[in-house]
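Asker: Got a structure here, written out as structure tokens. Questions coming.
The values are calculated or read from the model by the stated rules, or taken from the named source; none is laboratory data. Keep in mind that this is a model prediction, so the values were computed, not measured. All Cβ positions, even for glycine, are placed from backbone atoms using ideal geometry, and neighbour counts span all protein chains on display. Quick note on the areas: whole protein, heavy atoms, side chains included, nothing else; ligands and nucleic acids left out. Shrake-Rupley method; radii C 1.70, N 1.55, O 1.52, S 1.80 Å.
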Amino acid sequence: MKSCIVVGTYLSPGQTFVNRHIQHLFGGATCVIADRLTEETPEDGRFFEMSPEDRPATDKLIRPFARGLNHLRHGSSRMPYGSARRGALRFLARHKPDMILSEFGPQGVAIAPIANAAGIPVFCYFRGSDASSRIRHPHVQRAYKKMMPRLAGVFSVSQFLLDNLASVGVSHPNSVVIPSGVDVRRFVPGEKLPGSCLAVGRFVEKKTPLMTIRAFAEAAQRNPQAQLTMIGDGELYEPAKALVSELGLQDRVSLPGALPHEEVRAHLERTEVFVQHSVTARNGNTEGLPTSIQEAMAAGCVVVSTRHAGIPEAVREGQTGYLVEEHDEAGYTEAVARAVALPPEQKRQMGEEARRIAIADYDNAELLKKLEAEIRRTLGR
């Protein structure tokens, strides 16, 4: 089978799940429709840019009418129109994909009517903010409700996101949970450094990096071996550096900034305890099921996190890690201290169980096969 993948921006190195689908879904027989193509995009005819900066004058003339009509018919004024819509239909006619997979909700809204017009089955994958903060807005709910009957099926990285959608009346009878998964052959346990803790992710509100630093500061007082590395950058990176300095933790907390994926893998390999206090941001943004937690489990880390989004679907309390309620700083501190102070044999056993679950449930090669099987089942192929 040949697929067409629909994304917001291509190429985006951080969207490893999207890039993996483009490279490997149905053997890599794919073409791509993106809102925007970056300079790194190969010029081989397999890519179509839906919203180029330069558009014909006729598009500008019909823009107010087209946006109004699209809002009325599809619940969104951001639908492709004019040359973009015609170009997308020509692109699909030229490449003749058997199915279309939109990697996010907003892109699904945009491509579903075009897919229907082209007679091509279309699926939508929900992954995080598209099924959390976005659905706080009535116009997004309306657009999703209009999209659902146009889809052949829906995928989500966690049941939590499907429940989120259902809570505002957005659902599809053919909905399947398939996590993004990780490469369990690359993310493996190594020689663990005693007392090592690691956090990986953007320094943003929903990751609460400052709370992680404060919790570690208290937990570290009980364990002189404890060390924390926090990989990532973002709006809270400078405040995090200031807090580390204020608490006098420069020799125990490392903030190297964003690192290449291979360096992240090396850190996970030698880390005992993975920490991530995920919360629902003020705008409603949540995780789906964090890739970093799946990678940490594959690398045999004990996970300390929160009962948030899809995390409880992965982390088994007392068996592979510890979970606390969102914003429970005291509980989080105790959980970090407990994990760090575990006897080496118990850490090893919990890490082995985490890896066993990662292999069973989050092997991206097996999850890709599951995605292909679900698509084939739906299409009767």
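Asker: Could you figure out which of (1) under 20 Å from the mean Cα position of the chain (by Cα); (2) closer than 24 Å to PRO312 by Cβ; (3) small (Gly, Ala, Ser) isn't true of SER167?
Answerer: (1)
Asker: (1) out of contact with any Gly (no Cβ under 8 Å at 6 or more places or on another chain); (2) part of a helix (DSSP H, G or I): which one isn't true of CYS31, the others all being true?
Answerer: Every condition holds for CYS31 apart from (2).
Asker: Among the residues in region 205-228, are any farther than 23 Å from ALA339 by Cα and not basic (Lys, Arg)?
Answerer: Yes: region 205-228 contains one or more residues that are farther than 23 Å from ALA339 by Cα and not basic (Lys, Arg).
Yes/no per residue for (1) under 21 Å from GLN250 (Cβ atoms); (2) among the small types (Gly, Ala, Ser):
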site: ASP183; (1), (2): no, no
site: CYS197; (1), (2): yes, no
site: GLU205; (1), (2): no, no
site: THR212; (1), (2): yes, no
site: ALA217; (1), (2): yes, yes
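Asker: Here's a follow-up. Being in contact with a strand residue (DSSP E or B) (Cβ under 6 Å, 6 or more places away or on another chain), in a loop (DSSP other than H, G, I, E, B) and either of a type in the set (Phe, Trp, Tyr) or farther than 19 Å from VAL340 by Cβ (or both) is the filter here, so list the residues in region 304-318 that pass it.
Answerer: Residue satisfying the conditions is ARG307 alone.
Asker: Looking at ILE33, ILE120, can you tell me which residue is touching a Pro at 6+ places or on another chain (Cβ under 7 Å) and either under 25 Å from VAL182 (Cα atoms) or of a type outside the set (Phe, Trp, Tyr) (or both)?
Answerer: ILE120
Asker: Taking region 340-381 as the region of interest, how many residues are open to solvent by less than 60 Å² (accessible area, probe 1.4 Å), under 16 Å from ALA299 (Cα atoms) and either part of a helix (DSSP H, G or I) or of a type in the set (Val, Ile, Thr) (or both)?
Answerer: The qualifying residues number 9.
Asker: Which residues, taken from region 74-108, are modelled with pLDDT under 85 and surrounded by fewer than 19 Cβ atoms within 10 Å (Cβ to Cβ)?
Answerer: Once the filter is applied, which keeps residues that are modelled with pLDDT under 85 and surrounded by fewer than 19 Cβ atoms within 10 Å (Cβ to Cβ), region 74-108 yields SER77, ARG78.
Asker: Of all residues being among the polar types (S, T, N, Q) and out of contact with any Leu (no Cβ under 9 Å at 6 or more places or on another chain) in region 109-133, which is surrounded by the fewest Cβ atoms within 10 Å (Cβ to Cβ)? Just the residue, please.
Answerer: Looking at the filtered set, the residue picked out is ASN116.
Asker: What single numbered condition from (1) more than 20 Å from VAL303 (Cα to Cα); (2) within 17 Å of the chain's Cα centre (by Cα) fails to hold for PRO149?
Answerer: Of (1) more than 20 Å from VAL303 (Cα to Cα); (2) within 17 Å of the chain's Cα centre (by Cα), only one is false for PRO149: (2).
Asker: Quick check on region 262-293: of everything there that is open to solvent by 40 Å² or more (accessible area, probe 1.4 Å) and in a loop (DSSP other than H, G, I, E, B), which residue is nearest to LEU228 (Cα to Cα)?
Answerer: Per the stated criteria, the residue is ARG270.
Asker: Another one. Looking at region 51-70, I want the residues that are hydroxyl-bearing (Ser, Thr, Tyr) and have a partner that is open to solvent by 80 Å² or more (accessible area, probe 1.4 Å) and at pLDDT below 85 with Cβ atoms under 9 Å, at least 6 apart or on another chain. Which pairs are those?
Answerer: Cβ pairs passing all conditions: SER51/ARG78.
Every residue, every condition in (1) touching an Asp or Glu at 6+ places or on another chain (Cβ under 6 Å); (2) of a type outside the set (Lys, Arg); (3) not in a helix (DSSP H, G or I), yes or no:
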{"site": "GLY14", "(1), (2), (3)": "no, yes, yes"}
{"site": "THR58", "(1), (2), (3)": "no, yes, no"}
{"site": "ARG63", "(1), (2), (3)": "no, no, no"}
{"site": "LEU72", "(1), (2), (3)": "no, yes, no"}
{"site": "ARG86", "(1), (2), (3)": "no, no, no"}
{"site": "LEU92", "(1), (2), (3)": "no, yes, no"}
{"site": "ALA110", "(1), (2), (3)": "no, yes, no"}
{"site": "PRO113", "(1), (2), (3)": "no, yes, no"}
